[in-house]
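The values are calculated or read from the model by the stated rules, or taken from the named source; none is laboratory data. What you see is a predicted model, and the numbers here were worked out from it, not measured in a lab. Glycine also receives a Cβ, built like all others from the backbone with ideal geometry; neighbour counts cover every protein chain displayed.
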Amino acid sequence: MLLMAVEQDDRIIWVVVEQHRPRGRIRSRIVLHLGQYRDRDEAEAAFLERLRSNPTLRDVAERWATNAEDVLSDRKARARFLLHGVSTGGIAAHADDLLMRREEEERRARERARAASWPGGIPSVAFATLGLSTAASLAEIRAAYRRRALLMHPDRGGDHATMVALNAAYEDAAWYAEWRG
């Protein structure tokens with residue numbers, strides 16, 4: 001569940017939105033219109049008060065808590081969740097922790113896969129394509145890429161395959177320079 005601020009008739013109205021995933025598609029629906037509040041803390045306090053007194057709303061929050069992992073496994077739902085802020089109803093810590101863990105695991109897996117693809121651990125081919133040493137900085141990599149792209153671009157008489165190779169070399173060298181620090 002998300003606590004969102006919605007602009008309506010030049011006013012900020014706070015609403016509670018439930019995300020669910022019927023048949024694999026992310027759907028959102030407004031569960032509760034809270035009204036106008038000065039800030040998120042006041043709106044969240046009002047929601048928690050209504051959550052204590054309204055059994056139907058409590059059922060919706062419990063349903064969200066049980067389905068949160070399924071909904072948050074969807075990339076689009078995660079983006080919406082992060083865009084609109086923290087969930088409410090006592091599951092914010094669970095959802096935030098779940099999101100952070102997943103994002104970190106995905107990032108580490110991408111880095112491991114990419115580092116494993118380098119022969120001997122050093123992307124010398126990418127740097128050689130750009131005409132640089134492996135100790136080049138990110139700024140030097142960008143400058144070399146731009147110089148070479150002006151010469152190799154198909155619109156300037158270059159070859160498409162050569163430009164594709166240059167783009168790949170630039171991405172690999174830039175990633176390696178960032179990873180190296």
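From the list Ala169, Ala177, Ala165, the lone residue that is over 14 Å from Val125 (Cβ atoms), of a type in the set (A, V, I, L, M) and assigned to a helix (DSSP H, G or I) is Ala177. Being modelled with pLDDT under 90, in contact with a Ser or Thr (Cβ under 8 Å, 6 or more places away or on another chain) and surrounded by fewer than 18 Cβ atoms within 10 Å (Cβ to Cβ): is that true of Ser133 here? Criteria not met by Ser133.
Evaluate region 98-119: report whether one residue or more is in the same structural domain as Arg63 (by TED's automatic domain parsing), modelled with pLDDT under 70, surrounded by 14 or more Cβ atoms within 10 Å (Cβ to Cβ) and under 30 Å from Val60 (Cβ atoms). So far as region 98-119 goes, yes, one or more of its residues are in the same structural domain as Arg63 (by TED's automatic domain parsing), modelled with pLDDT under 70, surrounded by 14 or more Cβ atoms within 10 Å (Cβ to Cβ) and under 30 Å from Val60 (Cβ atoms). For region 145-171, filtering for residues that are among the hydrophobic types (A, V, I, L, M, F, W, C) and over 33 Å from the mean Cα position of the chain (by Cα) leaves 2.
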